[in-house]
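**Student:** Quick one: this structure, given as structure tokens, is what I'll be asking you about.
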Amino acid sequence: MAAGQWPAAGDGEEPREVQLAEAYCTEGCCGALHVTIRRDGDEVVWSDWRCPSPPPSPLHVREIPELRFDAAAYDAEISRAENDHAWTWPARKAARLIAAGLRDRPELLSRWDMELSWAGTDFRDPDRTALCLRYEEADGSPKYRMWHIPEDGTPPEDRAADALRRLATVDPRTYGA
């Protein structure tokens, strides 16, 4: 999850559905897991789980129970998790920095009529940063463009800055496969 994506348990928080996981191929293909998060007094509640996926699967019939967390402990853990990146490896850190850069500068992709679907590492090669960019064809159908950034020994901060500079000047549809 991206920093700030988890709702805090502060007063006045509206219930909000979040996506916890998505199949590598996309939600529309093989599904995702969603939950609604809300505050209930001194607790944070995860409820109304859903796992949409075409076609319906017996795996998606299972009921997931409501989960309750102490709100103060929840907020402390969310803050800790959002700020602890010590566990990340270089390709993962580059992906996080690119995603943060795109949140700060959405025009880098909107100028190409694209948006970031996800940023992470390639499941076949965890040392390779992977970006999935979404755009629409002229007929409105969604298209996805994968951009892989290999580990080259440079610091993740430099690779992320280079990726953001490239996105500012070159249409990602022209990037090599």
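The values are calculated or read from the model by the stated rules, or taken from the named source; none is laboratory data. This structure is a prediction, so every number in the text was calculated from the model and none was measured. Neighbour counts run over all protein chains shown; Cβ positions are idealised from the backbone, glycine included. Please note that ligands, DNA and RNA were not included when accessible areas were found on the heavy atoms of the full protein model with its side chains. Shrake-Rupley method; radii C 1.70, N 1.55, O 1.52, S 1.80 Å.
**Student:** Restricting to region 162-177, what's the tally of residues that are in a helix (DSSP H, G or I) and in contact (Cβ under 8 Å) with a residue 12 or more places away in the chain?
**Tutor:** So the answer is 6.
**Student:** Still on this structure, please answer the following. Does region 111-149 hold any residues that are open to solvent by 80 Å² or more (accessible area, probe 1.4 Å), more than 15 Å from ALA99 (Cβ to Cβ) and in a strand (DSSP E or B), and which are they?
**Tutor:** Passing the criteria: ASP127, GLU136, LYS143, TYR144.
**Student:** Here is a follow-up. Sort out which residues of region 80-96 are open to solvent by 60 Å² or more (accessible area, probe 1.4 Å) and out of contact with any Pro (no Cβ under 9 Å at 6 or more places or on another chain), and write them in order of number.
**Tutor:** ARG80, ASN83, HIS85, ALA86, TRP87 - these are the residues of region 80-96 that are open to solvent by 60 Å² or more (accessible area, probe 1.4 Å) and out of contact with any Pro (no Cβ under 9 Å at 6 or more places or on another chain).
**Student:** Oh, and also: With the structure loaded, tell me whether TYR175 is in contact with a Phe, Trp or Tyr (Cβ under 6 Å, 6 or more places away or on another chain) and of a type in the set (Phe, Trp, Tyr) or whether it fails that test.
**Tutor:** Yes.
**Student:** Is it true that ALA99 is under 29 Å from ARG39 (Cβ atoms), touching a strand residue (DSSP E or B) at 6+ places or on another chain (Cβ under 7 Å) and surrounded by 17 or more Cβ atoms within 10 Å (Cβ to Cβ)?
**Tutor:** Spelling it out, ALA99 is indeed under 29 Å from ARG39 (Cβ atoms), touching a strand residue (DSSP E or B) at 6+ places or on another chain (Cβ under 7 Å) and surrounded by 17 or more Cβ atoms within 10 Å (Cβ to Cβ).
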